[in-house]
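In what follows, a single structure is set out as structure tokens and then discussed.
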Amino acid sequence: MASSPFADPAFYADRYPAYAALRTASPVLQVSLDGATTATVVTGYDEARQAFTAPLSKDTGAYFADKPSGRSLHPAVARTMLAADPPEHTRLRRLVTKALTPARIDGLRPYIRSLAEQLVGMWESGSEVDLVEELAGPLPVTVICQLLGVPKTDRDSIRSWSTDLFATGDHARIDGASHALAGYMAELIEAKRTHPDHSLLSDLITVHDQDEDRLSEDELLSLAVLLLVAGHETTTAAIGTSVLALLQHPAELAHLRTSPHCVAGAVDELLRYDSPVSIATWRWAPEEVELAGTTVPGGSPVFICPGAANRDPAKFPDPDRLDLGRANAASHLAFGHGIHRCLGAPLASAEVEIVLSVLLAHSPGLRLAVPADQLVWRQSRLVRGLVTLPVHV
Ligand code: HEM
């Protein structure tokens with residue numbers, strides 16, 4: 001049996017050769033994770049779509065119930081709708097969708113633009129900045145805080161807890177941050193109950209369906225935490241890798257500079273080319289299941305890799321080339337597929353689009369400040385993102 005490439009630090013700098021090798025071996029392949037656990041890795045496009053709708057469970061609580069980890073993650077972080085199966089998931093998703101409407105996302109666009117202009121406006125012409133620290137990091141967390149109604153004075157704490165939650169491997173830091181964040185959110189929910197406003201959080205408190213079904217206190221808390229976490233690191237990664245991809249493809253960048261109206265259409269290809277959620281969240285097969293001709297044993301995990309599926313040559317010809325004119329770019333799986341497909345996709349796309357528009361207008365001479373092979377990538381299986389992105393502006 002092949003061993004997984006995930007333990008190799010070099011994998012994180014450039015995942016695509018390893019994904020291609022896995023896909024060539026088989027688009028649905030059984031690999032050994034750590035010698036003890038066998039996982040099924042899905043790297044083909046058609047196979048990934050099939051796996052996203054297969055009878056796999058997202059209930060991590062059930063999977064890990066008999067595997068004590070010694071962890072003390074706050075339940076609001078551990079048990080979100082992303083780790084729930086129907087009918088629980090169906091109910092939660094129905095209620096959230098009622099509050100997180102397209103009109104609410106559209107209404108945020110002017111705020112996102114002014115925030116991007118403010119952040120980029122602080123850069124001195126000719127200087128070197130870290131685009132992750134100065135733009136890609138602060139913008140998404142501030143937008144989510146604005147959406148949820150987190151007061152401005154508390155946003156730095158939120159950013160720091162949220163960053164800690166993604167401190168891969170540092171369990172004490174992650175668990176500590178989960179309690180700090182959940183504790184803060186519980187207080188904020190209480191405050192919004194007493195003083196409702198026009199925020200998403202206030203709407204989530206009152207949202208109900210025709211049967212008067214409402215979100216419980218625990219559900220509200222885990223949802224607030226999930227929106228914050230899911231909407232922050234992923235979008236930070238998307239902004240960083242999108243800018244990098246354009247800097248590495250000068251003809252595509254020049255095209256966007258002369259045709260700024262094409263930026264919105266470019267976002268799908270940028271997300272396909274370097275997908276921020278490179279390996280989807282934890283899934284497992286409660287019973288033996290067949291995936292594209294491969295038998296997945298009951299009780300074993302399945303890793304669906306949007307980052308690999310989006311580079312499958314059978315779906316996207318010449319997949320390692322960024323091609324902003326690619327006809328089927330919007331078929332990418334960067335936001336997943338099926339019942340757990342990203343709830344924040346319209347918001348994330350709007351953020352990437354607006355940031356790129358603002359950046360192109362503000363920094364005509366933007367270029368990398370270090371050779372690309374010196375860039376540092378996050379060692380996270382889930383998120384493909386840059387730790388820093390030094391650029392000359
Ligand atoms: C470019 C940025 C983003 C990317 C690439 C992304 C990607 C994804 C993916 C792949 C999934 C499905 C995971 C799986 O099935 O294992 C997902 C789920 C989710 N995302 Fe996003 N996301 C982004 C931004 C956001 C934002 C801004 C928000 C919040 C407003 C958000 C909220 C969620 C939620 C709540 C779920 C869970 C949906 C469910 O379980 O039904 N995401 N996202």
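Just to verify a result, which residue in region 235-279, among those that are of a type in the set (S, T, N, Q) and assigned to a helix (DSSP H, G or I), is farthest from Ala78 (Cα to Cα)? Explain how you work it out, then say what you get.
Kept after step one, since they are of a type in the set (S, T, N, Q), are these residues of region 235-279: 235-236, 241-242, 248, 258-259, 275, 278.
Next, only the ones that are assigned to a helix (DSSP H, G or I) stay: 235-236, 241-242, 258.
On the way: Thr235: 21, Thr236: 22, Thr241: 28, Ser242: 30, Thr258: 46 Å.
Once the filter is applied, the top-ranked residue is Thr258.
Please verify whether region 337-355 includes one or more residues that are over 28 Å from Arg91 (Cα atoms), in contact (Cβ under 8 Å) with a residue 40 or more places away in the chain and away from the ligand (no atom under 12 Å from the Cβ).
Yes, that holds for at least one residue.
Tally time: how many residues in region 15-38 are free of Cβ contacts under 8 Å to residues at least 60 places away in the same chain and closer than 20 Å to Asp274 by Cβ?
The number of residues fulfilling the criteria is 3.
Could you tell me which numbered condition Gln374 fails, if it satisfies all but one of (1) under 22 Å from Lys58 (Cα atoms); (2) surrounded by fewer than 18 Cβ atoms within 10 Å (Cβ to Cβ); (3) not hydrophobic (A, V, I, L, M, F, W, C)?
(1)
From Ala238, Ala245, Ala254, Ala264, grab the single residue that is aliphatic (A, V, I, L, M), closer than 30 Å to Pro364 by Cβ and free of Cβ contacts under 8 Å to residues at least 40 places away in the same chain.
Values: Ala238 fails: free of Cβ contacts under 8 Å to residues at least 40 places away in the same chain; Ala245 fails: free of Cβ contacts under 8 Å to residues at least 40 places away in the same chain; Ala264 fails: free of Cβ contacts under 8 Å to residues at least 40 places away in the same chain.
Residue meeting the stated conditions: Ala254.
Considering each of Ala65, Ala18, Ala2, Ala48 in turn, give the residue that is under 19 Å from Gly307 (Cβ atoms), modelled with pLDDT under 85 and among the aliphatic types (A, V, I, L, M). Break it down stepwise before answering.
Values: Ala65 fails: under 19 Å from Gly307 (Cβ atoms); Ala18 fails: modelled with pLDDT under 85; Ala48 fails: modelled with pLDDT under 85.
Going through Ala65, Ala18, Ala2, Ala48 in turn, the sole match is Ala2.
Just a yes or no: is a residue in region 194-206 more than 15 Å from the ligand (Cβ to nearest atom), modelled with pLDDT under 95 and in contact with a His (Cβ under 7 Å, 6 or more places away or on another chain)?
No, because not a single residue in region 194-206 is more than 15 Å from the ligand (Cβ to nearest atom), modelled with pLDDT under 95 and in contact with a His (Cβ under 7 Å, 6 or more places away or on another chain).
Condition test on Ile112, is it under 28 Å from His198 (Cα atoms), crowded, with 17+ Cβ neighbours inside 10 Å, in contact with a Pro (Cβ under 7 Å, 6 or more places away or on another chain) and not charged (D, E, K, R)? Walk me through it before giving the result.
Working: under 28 Å from His198 (Cα atoms): yes; crowded, with 17+ Cβ neighbours inside 10 Å: yes; in contact with a Pro (Cβ under 7 Å, 6 or more places away or on another chain): no; not charged (D, E, K, R): yes.
No, not satisfied.
Could you check how many residues of region 271-291 are over 26 Å from the mean Cα position of the chain (by Cα) and among the hydrophobic types (A, V, I, L, M, F, W, C)? If you could, list the steps in order and put the result at the bottom.
Of region 271-291, the ones over 26 Å from the mean Cα position of the chain (by Cα) are 287-290.
Going one step further and asking which of them are among the hydrophobic types (A, V, I, L, M, F, W, C), we end up with 289.
The qualifying residues number 1.
Do we find a residue being at positive phi and either surrounded by fewer than 21 Cβ atoms within 10 Å (Cβ to Cβ) or under 19 Å from the mean Cα position of the chain (by Cα) (or both) anywhere in region 239-257? Show your work before the answer.
Pass one, region 239-257, residues at positive phi: none.
The answer is no; no qualifying residue exists.
Pairs please, first residue from region 306-322 and within 15 Å of Asp268 (Cα to Cα), second anywhere and buried (at least 21 other Cβ atoms within 10 Å of the Cβ) and polar (S, T, N, Q), Cβ atoms under 8 Å, 6+ apart in sequence or on different chains.
Filtered contacts from region 306-322: Pro306/Ser275; Pro306/Ser278; Gly307/Ser275; Gly307/Ser278; Ala309/Thr43; Asn310/Ser275; Phe316/Asn310; Pro319/Asn310.
Suppose we filter Asp203, Asp197 for residues that are over 30 Å from Trp377 (Cβ atoms), outside any helix (DSSP H, G or I), in contact (Cβ under 8 Å) with a residue 24 or more places away in the chain and not aromatic (Phe, Trp, Tyr); which single one remains?
Values: Asp203 fails: outside any helix (DSSP H, G or I).
So the residue among Asp203, Asp197 that is over 30 Å from Trp377 (Cβ atoms), outside any helix (DSSP H, G or I), in contact (Cβ under 8 Å) with a residue 24 or more places away in the chain and not aromatic (Phe, Trp, Tyr) is Asp197.
The values are calculated or read from the model by the stated rules, or taken from the named source; none is laboratory data. Quantities reported herein were computed from a predicted structural model and do not represent experimental measurements. Backbone-built Cβ (ideal geometry, glycine too); neighbour counts: all protein chains shown.
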